[in-house]
Each structure stands twice: as C-alpha cells, then as structure tokens.
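The values are calculated or read from the model by the stated rules, or taken from the named source; none is laboratory data. Computed from a predicted model, the values in this text were never measured in an experiment. All Cβ positions, even for glycine, are placed from backbone atoms using ideal geometry, and neighbour counts span all protein chains on display.
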Amino acid sequence: MKRSKPESTPSAPRGARAKRGAAQAKVESAASKRASAKRGEPNGKPESTRMKRSEYEERLERLHVELVKLQQWVVAQGLKVCIVFEGRDTAGKGGTIKAITERVSPRVFRVVALPAPSDRERSQMYIQRYVRYLPAAGEIVIFDRSWYNRAGVERVMGFATENKVRTFLQIVPLMEKTMVKSGVILLKYWLEVSQEEQERRLKERANDGRKIWKLTPMDLKSYSRWYDYSRARDDMFAATDTPQAPWYVARTDDKRRGRLNIIQHLLDHVPYEELPRKKVNFPRRQKRGNYTEPDHPYKYVEERY
C-alpha cells in the first residue's frame, strides 16, 4: 500500500528560514565534532575527553618500567636503535622525547638535537653531519629533528633548492635501507597536530614566561605556511615511506595520549625480554671509628623554601 503524501505546510518567511538554517548548521557542526571525538579525530576532541594527569602518570609509570627493561636488553644484546622524531611546530616532539628519557640512562638513550650547521658543515655532504651520531652497539639514539630537515623546514623556508631536495628524496631511502641492513632498528615518527591546536599552543608560548624561549622567529614564519608544510610532508612520505623504513604517524592534539601511544608503539617494535635480576643485598655500613666531623665554615645554600 502506498504511503500518502503529507499535507503541505505554509512556507515560513525568508528571515525565519535563514535563522532555522543557521541553527541547524550549528547543530550539525556540533554533531560532527562529537562524531569526530568518538572516532578519536584530534580536531573533534574536546578538552573534557583529554586524558587526566593522574591517569597519564599512572600509565606512564608502567611504561617507564618497560623502557628500563628495554634499555637493559639493548645493552646486553648490543642492539642498535635509531628513533627519528619529525612533525609540525608545537606537535610535541620535545615533550615526547622527555617522557621517553626521563627514567633511563642518558648513556644508552642519547638525544641528538643539532643546531644550525656551521660553515664547515655546510660544505660537507648533507647527510655527513648526521651519520656520525648513528647508534653503536648498545645504544638508542633519538633524533629531535633529523636529516629530514632538508625535506621540511629547509625546503619550505627556502634554505635548500628544489634540486637539492629532489636529490635528497632520491638518496635517503637508499641510505636508510643500508642502515637497516647493517642491523640498525630504525623507527620514524611524524607527530601531527591540528591547525587549531597549533595556534593555541603558539599563543600559549607567547604568554607563558616558562615557554617564551620556544617561540622563535622561525616558528612565526612557519605559522603562516601551513599548506606549504603539508605539501612538503606529502612529498616526503611519498618518497621515503618505504617497507624497510616506514613512517608512523601519531596524532598529538592530546599530548598525553600521544606520548603514551608512541612509547607503547616503540616498545612493541623493538624486540626485548626482561633480564633476570639478582636480589639486592646492601653491605653493612662501616663503623665511625676515630672519624670526627671537621670544624669547617661550610657555605650552605640559603633555605628559602
């Protein structure tokens, strides 16, 4: 049986229709953001759904224990691990690296954050200044920005010609294949942040005396070139996202979730086992004997807190 057509209703005035249309658009926009949040999309994640500090610290503590186990295994087995962190400004590279390294030995987890090249380094083969920092046996080297500067900031800001960039994108997969064949475990992470969150973080830096040092003239120049960086990233992925050295993208609008996800991914992709530990027995302290405290005018730090 056919359903009868509903009776037509008189049309509302144009102004009323426009208001209803605007209201409907707002409702649809809010619904879209809620759906994005459920899917875990960073642009749709409201502040209330971000991970609480207490939960973050609890989970991070457990991951730190695993990172110590990984460290001991890397040293014992003589593994060579190289981790590359790239991404947009304010994406959270520094905070993620700090979260990885704050409970492990800096002699095993070495962080490399190179300054601008010297005149001598500019005259060298481009990749030469990075090769010297690659890991030896028993080391995990973390690059806070890496040789991929050429494909990103150098390209966008005009520090390298297009010809040099194209040459780099052709050569780097061969170099990384050589690294992997030599026994290096290479992990490449791209941290992705939304435009809205990047703007919020940059403005926060400008107004926070603890973070103002992070806001450089280069950051301000980069701020206006979002899509230039997008194109550079896309070209870089197309050329260097290879089977032997793939890129892993981490969404970091929620910094805490991003850090935990990256650390867990790192632990999942570097094979390790927990080494047996001997029970710790502390020896007895020696007796005072004839030792006496010296009558020395120590200059103590003023206790103001």
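The set of residues from the range 211-224 being over 20 Å from the mean Cα position of the chain (by Cα) and at pLDDT 85 or above comprises just one member, S224. Within the range 211-225, residues that are farther than 18 Å from V156 by Cβ and part of a helix (DSSP H, G or I) have Cβ atoms under 9 Å from residues that are polar (S, T, N, Q) and modelled with pLDDT of 85 or more in these pairs: K214/T90, counting only partners at least 6 apart in sequence or on another chain.
Out of A18, A12, A22, A35, one residue alone is in a loop (DSSP other than H, G, I, E, B), among the hydrophobic types (A, V, I, L, M, F, W, C), at pLDDT below 95 and surrounded by fewer than 13 Cβ atoms within 10 Å (Cβ to Cβ). It is A12.
For A206, are the conditions met, namely being farther than 23 Å from V270 by Cβ and touching a helix residue (DSSP H, G or I) at 6+ places or on another chain (Cβ under 6 Å)? When the stated conditions are applied, A206 does not pass them.
Of the set (1) among the aliphatic types (A, V, I, L, M); (2) surrounded by fewer than 20 Cβ atoms within 10 Å (Cβ to Cβ); (3) touching a Gly at 6+ places or on another chain (Cβ under 9 Å), all apply to A91 but (2).
Among residues that are surrounded by fewer than 12 Cβ atoms within 10 Å (Cβ to Cβ) and at pLDDT 95 or above, D234 is included.
Residues in the range 129-156 that are over 16 Å from A113 (Cα atoms) and surrounded by fewer than 16 Cβ atoms within 10 Å (Cβ to Cβ): 2 in all. Could you go through the range 271-285 and let me know if any residue there is surrounded by 12 or more Cβ atoms within 10 Å (Cβ to Cβ) and either at positive phi or not aromatic (F, W, Y) (or both). Yes: the range 271-285 contains one or more residues that are surrounded by 12 or more Cβ atoms within 10 Å (Cβ to Cβ) and either at positive phi or not aromatic (F, W, Y) (or both).
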